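Take a look at the following structure, please.
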Amino acid sequence: MTDLPTDLTRATAADLAGALASKTISSVEVTQAYLDRIAAVDGQVHSYLHVDTDGALAQARAVDERRAAGESLGALAGVPIAVKDVMTTKGLPTTCGSKILEGWIPPYDATVVTKLREAGLPILGKTNMDEFAMGSSTEHSAYGPSRNPWDLDRIPGGSGGGSSSVLASFQAPLATGTDTGGSIRQPAAVTATVGTKPTYGGVSRYGLVALASSLDQAGPCGRTVLDTALLHAVMGGHDPMDSTSIDAPVPPVVEAARAADVRGMRIGVVKELGGEGYQPGVRARFDESVALLEELGAEVVEVSCPNFDYALAAYYLILPSEASSNLAKFDAMRYGLRVLPEGVDDPSAEQVMAATRDAGFGPEVKRRIILGTYALSSGYYDAYYGSAQKVRALIAQDFAAAYGRVDVLVSPTAPTTAFKLGDKLEDPMAMYLNDIATIPANLAGVPGMSIPSGLADEDGLPAGIQILAPATKDERLYSVGAALEAALVDRWGGPILDRAPELGGAAAAKGA
Ligand code: GLN
């Protein structure tokens, strides 16, 4: 068995799981180490919206007792985790990064959260996110942005920047995310962590606060491909509470991650993803990764997916349309915020709704509700939503044609390394372009993963490579991801994340 580092927060989830199983360490010790780390650094990083110290320790104690009693436990039992604040947690606040849900305590757990609890993973807290998962930087969170541990003046990606920064700052060994257009993969890319968007329907959506139901997919985030696979196996599987859940066993992701074998695999480089608009360093690290895959025994070809050029435009009609409908439930009547209009005696229900939605939603959410309501309105429906759905079908056809020739596709995950906080906030289009490479997978429902590809610019910031597989073949992401990860660890002399400056140091250097 691998020796654990003295600082337990630096260990992989797989190694922690091994040490817990052999009773070398207890879950209380690991959980406490993480709570101490959170107390020391989250003031600078702001990964968490809520930390559940007592709850996490109680769950840790419970799992230690079950182990002591000789119960047979799941592979990750006792390893703590951070949960994105889009997932309902019974008795714990769930805000979705929005003022409209401030103070709401859900009466039930999302299925994913139930699975985590049953598998014995203590929940450390809830991670920050762009409001209702709309964004690529966490700057749209109503509670202030999270920061990138590589450089605290930069964004950690979004919408799941709380979950990516929690991993990169060693404030949790594992985290959950949701990916509607890239919110697991793009944050992973800009923080040198790993994230998977499973096949649509592979992980339950029950208890996720919906953004765009036909695109939303929950998935695992970790610091290594194997850790991410172990979490994928816990989160995934059929759920009768979700009508789009796939009724089949979780693909063999852990076995694939352990085998880490790409020999004889056919890998397609997507011609449309990686040209204009991609930073030269991001492209260089991507090309190197592809060369490594070839050295490892894969066969690499270029593949064209011509309709990917229209993916962003189609997404920004379909997503706002679905979001405008999903967010209609925040009406000040059932739960969440209620604001009374000023200076109105005896206000009508409509006036209370308007005042509440005006005060409770941020500018990006309002922008998308207006856009979606317009796109769905009678007379415009066919021209906008209808056309976007046709483009969506063409994108699915591009994938189908590509997978007739290759086993997986690859591209850079995001066009650039992490940008500075504030740089793209006033320019929605610039913000949207961060997801240009990740969105096609959501439109087609196919699985995707991002792993770090190396340091990609003069500031020493990391970039990511995206791997895409056919629907239900999620295990291929892990075969390719784990093989490439091992080759890159050799090439860089260790995990890329080890190159991140120590947080205290970075903050001290900036005079914080
Ligand atoms: N950044 C994309 C958006 O703003 C993706 C969001 C997501 O995946 N939740 O829509």
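The values are calculated or read from the model by the stated rules, or taken from the named source; none is laboratory data. What you are looking at is a predicted structure, and each value in this text was computed from that prediction instead of being measured. Virtual Cβ from ideal backbone geometry, glycine too; neighbours counted across all protein chains shown. Keep in mind that these areas ignore ligands, DNA and RNA; they rest on the heavy atoms of the full protein, side chains included. Shrake-Rupley method; radii C 1.70, N 1.55, O 1.52, S 1.80 Å.
Using the per-residue mean of other Cβ atoms lying within 10 Å as a proxy for protection, in what order, highest first, do the peptides 387-395, 474-482 fall? Working shown, then result.
On the way: 387-395: 17.8, 474-482: 26.9.
Output ranking for 387-395, 474-482: 474-482, 387-395.
Ranked highest first by the average count of other Cβ atoms within 10 Å around their residues, in what order do 467-473, 57-63, 195-201, 237-243 fall? Show your work: numbers first, answer last.
On the way: 467-473: 22.3, 57-63: 19.6, 195-201: 28.6, 237-243: 14.3.
In decreasing order of mean packing, 467-473, 57-63, 195-201, 237-243 become 195-201, 467-473, 57-63, 237-243.
Another question, then. First select every other residue whose beta carbon is under 13 angstrom from the beta carbon of Glu276; then total the charges, Lys and Arg +1, Asp and Glu -1.
Working: positive: Lys271, Arg283; negative: Glu272, Asp309.
After counting each charged neighbour, the total is 0.
What lysines sit close enough to Lys420 to cross-link, taking a C-alpha to C-alpha distance under 17 Å and skipping anything fewer than 8 places away on the same chain?
Lys510
In deg cm²/dmol and to the nearest 500, what is the mean residue ellipticity at 222 nm of the chain if only DSSP H runs of at least 4 residues count, each as -39500 (n - 2.57), divided by the residue total?
Taking each H run of at least 4 residues, the total per residue is -12000 deg cm²/dmol.
Based on Cβ point charges of +1 for Lys and Arg and -1 for Asp and Glu, what charge dipole magnitude is obtained for the range 125-279 about its Cα centre, in debye rounded to the nearest 20? The partial results should precede the final answer.
Details: 11 positive and 15 negative charges, 74 e Å.
Rounded to the nearest 20 debye, it is 360 debye.
Solvent-accessible area per residue for the chain at a 1.4 Å probe radius, Å²? Intermediate results must be reported in sequence, preceding the final value.
Values: 18520 Å² over 512 residues.
About 36 Å² of surface per residue is accessible.
Still on this model: In whole angstrom, note down how far apart the Cα centers of the range 332-385 and the range 1-67 are.
Computed from Cα coordinates, the inter-centre distance equals 42 Å.
Which order do the peptides 88-94, 442-448 take when ranked by the mean count of other beta-carbon atoms within 10 Å per residue, highest first?
Working: 88-94: 18.9, 442-448: 26.6.
Listed from highest to lowest mean packing, they are 442-448, 88-94.
Still on this structure, I have one more. Under a crude label model (7 Å from the Cα following the beta-carbon direction), how far is Arg263 from Tyr374 in nanometres?
Spacing of the two 7 Å Cα→Cβ label points: 5.7 nm.
For the range 108-185, just the Cα atoms, rotate onto the principal axes and tell me the three extents in Å, largest first.
Cα extents, longest axis first: 38, 25, 22 Å.
Now a separate question. Taking square-rooted eigenvalues a ≥ b ≥ c of the alpha carbon gyration tensor, is the range 362-445 rounded, prolate or oblate, where a/c under 1.5 means rounded and, failing that, a/b exceeding b/c means prolate? Could you put the intermediate results ahead of the total?
Details: a/c = 3.75, a/b = 1.12, b/c = 3.36.
It comes out oblate by the Cα gyration axes.
While we're on this one: Below 12 Å, Cα to Cα, which aspartates and glutamates can Lys366 reach? Residues fewer than 8 away in the same chain don't count.
Output for Lys366: Glu131, Asp358.
To continue, here is another question. I want to check the label-to-label distance for Met333 and Asp7. Put each point 7 Å from Cα in the C-beta direction and report it in nm to one decimal.
Output for this residue pair reads 5.3 nm.
Using a 1.4 angstrom probe on the protein heavy atoms only, line up Ile439, Ile105 by accessible area, largest first.
On the way: Ile439 0, Ile105 85 Å².
Ranked list, largest accessible area first: Ile105, Ile439.
Can you give the accessible area of Trp104, probe radius 1.4 Å, in Å² rounded to 10?
Rounded to the nearest 10, that gives 40 Å².
Something else about it: Just how many % of Cα pairs in the chain lie over 45 Å apart, if you round to the nearest whole percent?
Of all Cα-Cα pairs in the chain, 8 percent lie more than 45 Å apart.
Moving on to the next point. With all protein chains present, how much of the accessible area of the chain (probe radius 1.4 Å) comes from carbon and sulfur, to the nearest whole percent? Present the calculation step by step, with values, prior to reporting the outcome.
Values: 9890 of 18520 Å².
Within the chain, the accessible surface is 53 percent carbon and sulfur.
What residues have an amide H closer than 5 Å to that of Thr413, excluding those fewer than 5 places away on the same chain, when H is modeled at 1.01 Å from N in the peptide plane?
Those qualifying (amide H under 5 Å, at least 5 residues apart or on another chain) are Gly464, Ile465, Gln466.
Shape verdict for the range 241-335, please, from the Cα gyration tensor: rounded (a/c under 1.5), prolate (a/b greater than b/c) or oblate. Numbers along the way, then the final one.
Working: a/c = 2.85, a/b = 1.55, b/c = 1.84.
Verdict is oblate for the range 241-335.
While we're looking at this one, here's another question. With +1 on the Cβ of every Lys and Arg and -1 on the Cβ of every Asp and Glu, and nothing else charged, how large is the dipole of the chain about its Cα centre, in debye rounded to the nearest 20?
On the way: 41 positive and 61 negative charges, 101 e Å.
Dipole about the Cα centre, nearest 20: 480 debye.
So, R0 is 41 Å and r is the distance between the beta-carbons of Glu342 and Thr244; what FRET efficiency does that work out to, to 0.05?
Details: r = 42 Å, r/R0 = 1.03.
Here the calculated transfer efficiency is 0.45.
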